[in-house]
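Note sheet for the following structure.
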Amino acid sequence: MKKVLLIETLSEINGGQKMSLLVSDMLRKTGDFDVVWAIPETGALSRELEDKGYKYYLFGNASLPAGVKGKSVIFKYFAMSARAICKINRIIKKEKTDIIYAPGPASLPWSAVCGTLKSKRVIWHLHHNFEDGPTKKLINFCSSFGCVKMILAVANVVGDQITNPKGKPKVKTIYNPVDFEKYSSGNAANVKESFPFLKKDGNITIEHIGIIHPTKRQDFTVRLVASMNKQYGNVHAVFIGSSSSEPEYSEELRLLAEKLGVQNNIHFAGRQNNVWDWLKAADAVIIPSNEGMSLAALEAMSAGCMIIATSTLGMGEMLKASKSGCVFDETTQNIDTISANILKEFGNKEEYVANGIKFAHENNLENYMGKITECFESINQEQK
């Protein structure tokens, strides 16, 4: 049995951590791999690992999960990285790791350095779009390291960020999977008591799923709902996700809703463990942020929701492939034009929903397990 060290840079459970848990479970299910985790601190993720019976180590706070952010924090980033690399190297030695699996931006260069120092094979899994130049340069530089054997990408547009001639041939695109059975079997009746407007005739309910954070652009959703209400009325947005990391931003959203006169149409449900039930109560799910390949969108398709998303990067690619909803382009359209187009597209909702269900079913867990385990098995068979 080969041992895999999975390096995660967040202590909470969001879309990326759900994927890491899924890959870990699939590898363990084969009986050929044992997965040990390295995580920053205790939290929701450590509790989940304990429940699943995984061994994990703590390497300390990783407050810059997206890598290098700018000159003012470069020193802090490299100091944090040095500490993390030293601790991870000790874990590798203690656990006799065979393969390092790095699914997060900060862990990519760390894994490349550790793999080089310890002569271990490394698999990267790219989920993000690297929006700042220094991060992209650093990751491209590290992609050329000989220890990095494979670079998995959740979308072609994500993999295209690797432009280094030595790194590019290692890129392989595998779309994220979804637990189709779970998310297609929700029951709206389980949540309608909390918010009576859900599934009410004449109402449009748009759900925005994800941690409350500026990068997820909940403020755009507030503005969109305000514009849609001017043109149609009875449009509601439900934010499903924790706000603990950005309480100031949550307050800004509430104030913005009041300013735009839609405070009664913007609802904060907090973190929910039965998202599949909430999705069954929605008409559409919105993804306005720049995502690699949104797991929330796949879950929404499974539940029979129409998707509304930005046309940029991974979401543009995803909706082109799935034909599960409509996209908007903020570079050429103002908010009122966007909202008018979305309202018009609701006339095609039935077709979008059918397409989305088909796409989600094709990307189910069983199909994905075959693809992802094949990648690890091929790396395992390579000579160091």
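Bear in mind these aren't lab numbers, they're just calculated from the coordinates by the rules spelled out. Because the structure is a prediction, the values reported are computed rather than measured. With ideal geometry, Cβ positions are generated from the backbone for all residues, glycine too; neighbour counts draw on all protein chains shown.
For the range 142-157 and the range 330-373, what is the separation of their Cα centres, given in Å? So the separation of the two Cα centres works out to 27 Å. Could you name the lysines whose alpha carbon sits less than 20 Å from that of Lys320, not counting residues in the same chain fewer than 8 places away? Hits, sequence-local ones excluded: Lys172, Lys344, Lys349, Lys358. Projecting the Cα atoms of Asn203, Gly167, Val191 onto the charge dipole of the range 155-219, computed from C-beta unit charges around the Cα centre, puts Gly167 farthest toward the positive end.
Take the convex hull of the alpha carbons in the chain; its mean projected area over all directions comes to 18.4 nm². Extension gain, Phe141-Lys96: 0.36 nm per intervening residue step, less the Cα-Cα distance, totals 13.5 nm. Residues of the range 212-241 with the amide nitrogen closer than 14 Å to a label point 7 Å from the Cα of Asn203, along Cα-to-Cβ, please. Label zone hits: 233-239.
Each of Asp34 and Asn187 was given a label point 7 Å from its Cα along the Cα-to-Cβ line. The distance between the two points is 4.2 nm. How would you classify the range 283-344 from its alpha-carbon gyration tensor, with a ≥ b ≥ c the square roots of the eigenvalues: rounded for a/c under 1.5, else prolate if a/b is greater than b/c, otherwise oblate? Oblate, because a/c is 1.5 or more while a/b does not exceed b/c. With all pairs of separate Cα atoms included, the range 195-287 yields a Kirkwood hydrodynamic radius of 13.2 Å. Among the trypsin sites (Lys or Arg not before Pro) found in the range 238-282, those both in a DSSP coil and sparsely packed, with 16 or fewer other Cβ atoms within 10 Å of their Cβ, are Arg271. In this simple spin-label model, placing a label point 7 Å from the Cα along the Cα-to-Cβ direction at both Ile74 and Asn61 gives a separation of 2.3 nm. Note on the range 258-279 and the range 206-245: Cα centroid distance 7 Å, given to the nearest whole angstrom. First check a/c for the range 252-324, with a ≥ b ≥ c the square roots of the eigenvalues of its C-alpha gyration tensor; if it is under 1.5, answer rounded, and if not, answer prolate when a/b is larger than b/c or oblate otherwise. Taking the square roots of the gyration eigenvalues as a ≥ b ≥ c, the range 252-324 is oblate. Show log10 I(q)/I(0) for the range 180-362 at q = 0.16 Å⁻¹, two decimals, from a solvent-free Debye sum over equal Cα scatterers. The Debye formula, applied to the Cα set alone, gives -0.95. Over the range 147-264, Cα pairs under 8 Å with separation of 6+ residues give a relative contact order of 20 percent.
Over the residues of the chain, the helix contribution to mean residue ellipticity at 222 nm works out to -13500 deg cm²/dmol, using -39500 (n - 2.57) for each DSSP H run of at least 4.
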